[in-house]
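Written below as structure tokens is the structure these notes are about.
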Amino acid sequence: MMNDEYPNSFLHVDSHINGDPFQIPETAARANWYEVNSGPWTIFDGEMPGAIGAWETCAEQYAWYDSIYTARWDATGGLAPVSIEGLYSINGDQLTIDATYHLEDPVTLTDIRATFFLAESDLYYSSTRTFDHVTRKIYSQNITLTNVGDSIAVQATLTLNPAWNPANFEVIAIVQQASGTKEVYQAAALPFLFDYRMSFAPLLKSVPDGSGEALFAGRVTNVSALADTLTLSMDTGFGWPVAFQVGSDPTWYADARAFPLAAGDSAAITVKITTDDVKRIGVGNFQCQSAVTERLGSVQLQVYNKAYSILFVDDDGINSDETPFITAFSQLGYLYKDWDVRNDHAGITPTSSNMAGFDVVVWQTGYSTTAIGTGAQGALMAYLDTGGNLYMSNMDLTTTVYPPNVFAVNYLGIFSRTLNVKGYTAIGVPGDPITSGMSIPLTFSSEIFNKVDNIAPTATAHTIFRNENGCSNALANQLAGGGRVVFNTIVQAAFSTSSADPNNNETVIERTIVWLTGQDVTSTPEGPVVVSRLTVAPNPFAGSTDLKFSLSPGASAGAVRLTMVDVTGRRVRTLLDGRMTPGTQLLRWNGADDLGRALPSGIYFTRLQTVEGTKTQKVILTR
């Protein structure tokens, strides 16, 4: 009745909870964010809640809804300070939402959040009842709009269940206050895409050494029934030189470029950002405009320059166990994105597409007993399968995630576990690239929180910390696809922040990230860890990439061998096999094997072998 009376200004979705067949982790998390633990419960514009009893008639419910709707309309005058425009598209089992939020009025909006709802109607519940507007997926992220005219593009890709019916989908975008009253400032039903679809994956790259190139691979498709002319361009947001290629055209274009595209056809896009020597995160928008519909769409790209990119997932609920990480990141000068599950994302953990492109994901739950659910496990496994790296700091994870669970065994490297053996000293393993030479007293906020586990490693993993009784408390695992994982059952807050190096929190985090990013960590059994660099830039690359390394006098005294191997360890190219002088060396690889044949896209490793040992670095080839 409300939809019929107010078709242009009344939007609603039903998020099921309390074990209902249509409950999902996202709806349970959103209910928890609103502190709603029973239903039915209705919230208008995020801030006007009230319970509705199943005993009330439809007319009684309508009267109540209408009174609140009228009060809200009177309070706002039917005006909103933010406008939303966007659309959604479907490609196979992936639904992509693109929306742009514009600040229209000179108001101060602090701590605001963009949220997408994917809902489905006409869902069978019983022989006499169906449900409409049922939430299937939710995506949220905090945004910033400061000055009139500010805009921000938000994109999300959601994986669809084959049992869902896209013909009954609704996609709704809102912007609301992320705390306090949680007021909704604007909402919009987004239409299905009808002209072109543009996508890039991943949306983020890093140039760890700076003064290099970041290459983004994308595609634009004409999904309409008409031929179109599409104009591609890049805004000036990055502040670095930008160029792009279209299809098989080898020319790099720095300015807008229009090209025809027949109905149903698509073209590959490569965007190249050339960075400088300044450590910062650069953000820019690649844009496409249709000549037929005049719609201007954009995809936001990010470059982490002169640093590895880190996604920090703060999953400790209302606690502040993220402090040791945030402090260390600041002290070490790391560039990172903070994904606060509860406060910034309404209880929603990142998907694999949210993690794509990050060099390292650091996921911490602190003292929280909340386990990493199956959805998060699946997202992490998908991320790691593409060569991602993970530091999992979770003291209670093995309470519910343990062998034969695939994530526990194949990714975390756990062969077996014994719960709550406790630990009062974290003792590093001699020769280990992360913990060699460490002996760190552990301090817990309370004895009841000392839940350190004994975790025996699988054949691919190894122990990096033991307690005073010799129990294995933390593991490092090398995955077949090139990814690396460190799993620590010692809560990070237990490590000292004031002890001398290497026996402190900062060094633990630094060495962990150094090892995860393959920064050529070597060590001696009784001595300190020594870190050198074997660098690859650009990485990923499409044409050629430079391999830079340094040789000590000792290394140059013997044979030097530099080879490329695939993820199975098979050698595909020998770039160097002989003697070289000490100092910095530079070689270039064009992505071909020893016979000059172009190798397929994928993950490879450059392997430098000298009399002093072997160093490796992951290389990603894109075609």
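Taking 0.36 nm per residue of sequence separation and subtracting the Cα-Cα distance, how much length would be gained by fully extending the chain between N590 and T42, in nm to one decimal?
Details: separation 548, 0.36 × 548 = 197.28 nm, distance 5.95 nm.
Between N590 and T42, full extension yields an extra 191.3 nm.
Rounding to the nearest 20 debye, state how big the charge dipole of segment 82-153 is about its Cα centre with +1 on each Lys and Arg Cβ and -1 on each Asp and Glu Cβ.
On the way: 4 positive and 10 negative charges, 63 e Å.
It comes to approximately 300 debye.
Cross-link partners among lysines for K182, C-alpha distance below 27 Å, same-chain residues fewer than 8 apart left out?
Filter leaves K137, K337.
Amide H of D432: which non-local residues (sequence gap of 5 or more, or other chain) have their own amide H closer than 5 Å, using H built in the peptide plane?
It is none; the list stays empty.
Assuming R0 = 25 Å, what is the FRET efficiency of E35 and E183, from their Cβ-Cβ distance, to the nearest 0.05? Show your work: numbers first, answer last.
Values: r = 16 Å, r/R0 = 0.64.
Given R0 = 25 Å and the Cβ-Cβ separation, E is 0.95.
Which of W252, W164, W589 comes first, and how do the rest follow, when ranked by fewest Cβ neighbours within 10 Å?
Details: W252 12, W164 16, W589 20.
Arranged by neighbour count, lowest to highest, W252, W164, W589 become W252, W164, W589.
If you count the DSSP beta bridges with both ends in the chain, what percent of them are antiparallel, to the nearest 5?
Working: 144 of 172 bridges.
Just about 85 percent of them are antiparallel.
Looking at segment 532-621 only, what percent of DSSP beta bridges run antiparallel? Nearest 5 please. If you can, show how the numbers build up before the last one.
Details: 32 of 33 bridges.
So the antiparallel bridges in segment 532-621 amount to around 95 percent.
Which one is right for this structure if Cα Rg over 2.2 N^0.38 Å is calculated from it: (i) 1.04; (ii) 0.94; (iii) 0.99?
For Cα Rg over 2.2 N^0.38 Å, the calculated option is (i).
Take the residue pairs K279/K422; K279/K618; K272/K615; K306/K615 and return only those whose Cα atoms are more than 32 Å apart. List each step's numbers first, then the result.
On the way: K279/K422 41 Å; K279/K618 22 Å; K272/K615 29 Å; K306/K615 21 Å.
Result: K279/K422 exceed 32 Å.
Bear in mind that the values in this text are calculations on the coordinates, not laboratory data. Bear in mind that the values here come from a model prediction, so they are computed numbers and not experimental data. Neighbour counts are summed over all protein chains in view; Cβ atoms, including those assigned to glycine, are modelled from backbone coordinates with ideal geometry.
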